[in-house]
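**Q** Have a look at this one before I ask anything.
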Amino acid sequence: MTMNWPKFKKPKWFKFIVPSIVLGLQVYGTWGFSHKLCYNMIYKTFHRESIAIGLITIVSTLDLVVIALWVQVVLIIGPGKQPFVPPFQLFTNDTESDDDDNETAVLPPITYQCDPHGYPFWCSECQSLKLERTHHSSAMGHCVPRFDHYCVWVGTVIGKDNYLLFLQFVAYYAINLSIIWVSIVSYIHMIIRKRPNQPHHHFNTNLIIILVFAILGWLFTVGLFFANIYYISKNRTSLEMLLQKHKKNSPLKKKFICHYSKINKSRYVVEFTNDGFFDFWNKSKIYTNIKEFLGSNILFWFIPLPMNRYKSSPPFFINNNYEINTDEKFSTQNKHLHLENVLGPYLETYGDETIRRINEKINNMEYITTLDAYGDKYMNENDNTL
Ligand SMILES: [Zn+2]
């Protein structure tokens, strides 16, 4: 017997509960740190005025930086949205001649992930093709490019657009917490050693609570930060790391890639099992991988502001009526669009090693099937895109 539980529809404010608790703890921590440690002890009791003022200034400033980053990650920038991509031109349209078809067609790219027959994945919710590394997020209501994970602590999805801001949020949070707990620990012995006849000789309870929370939070954020640096050094998202862990022992888990071989002028579907398919995006060089996630300007990695890295729009937008809106510098004559012109900054590229392994499988006749894609006849039109 199956029971249909009524689906609990979370209200919009629901996702802000955990971030509000985190904010509350942060305000409490800053108050306790500034008032109980910096003012009462360091300033008034130990007469180290400049240290007290300096610590309060640094911690309050970092608080503001962290809050500003949260606003950008969740409210202003968000994880990003994959543009609408109509089906690839795999088949000829029988009812219309080639020249007067009205629909805008996207040429199948050289390499794409597909089902065992060679067809790309479709998102039925967005009514659009779902490209590499994109996942549909029910929380956002649309497909998120390079979906990383849903973070309950900040209350949103982390994707290609807000990834760097999220990592900065984690890093600045960790720095702030480390200043708090190191300062408390540094003054513990002085506070305890104070003679009982002097005021504030005891160790304030608030400071003990703040110390415990600061150390726990610091361990968590530092762990999260370095885990992410490790992931992106291998060009992987948190989701890809998680899936690899869980599906390692499942022999049935396969991925398929449809690849156009320039030499054979034909399209092949090859199969990847288990290990290997999580390294699809690895560019071999750690620095290249990290740049794909954080952007190529190293200075911007540290600036807690969106520097418009991923905001450059693609030259072509196609709406769901298959009407095309173009950037003026591009000609509208060509109805056969290349995927990179539609996806723009959201285009994902395979690593050289992956392409080598695909070609190796094709050369060894280890492909599953071949595919005669209609759009491939335009393949050599713009050879520079290959
Ligand atoms: Zn979708």
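The values are calculated or read from the model by the stated rules, or taken from the named source; none is laboratory data. The structure displayed is predicted, hence computed values, not measured ones. Only protein heavy atoms, including side chains, enter the accessible area calculation; ligands, DNA and RNA are left aside. Shrake-Rupley method; radii C 1.70, N 1.55, O 1.52, S 1.80 Å.
**Q** For region 20-99, which whole-number percentage of the solvent-accessible area (1.4 Å probe, protein heavy atoms only) is attributable to carbon and sulfur atoms?
**A** About 67 percent, which is the carbon plus sulfur part of the accessible surface.
**Q** Further question: In sequence order, what are the phi-derived ³J(HN,Hα) couplings for region 69-77 according to the Karplus relation 6.51 cos²θ - 1.76 cosθ + 1.60 with θ = phi - 60°, rounded to whole Hz, with x for glycine and proline?
**A** In residue order, the calculated couplings are 5, 4, 4, 5, 4, 9, 9, 9, 8 Hz.
**Q** Go through Asp279, Asp372 and list them by solvent-accessible area, largest first, probe radius 1.4 Å.
**A** Result of the area sort, largest leading: Asp372, Asp279.
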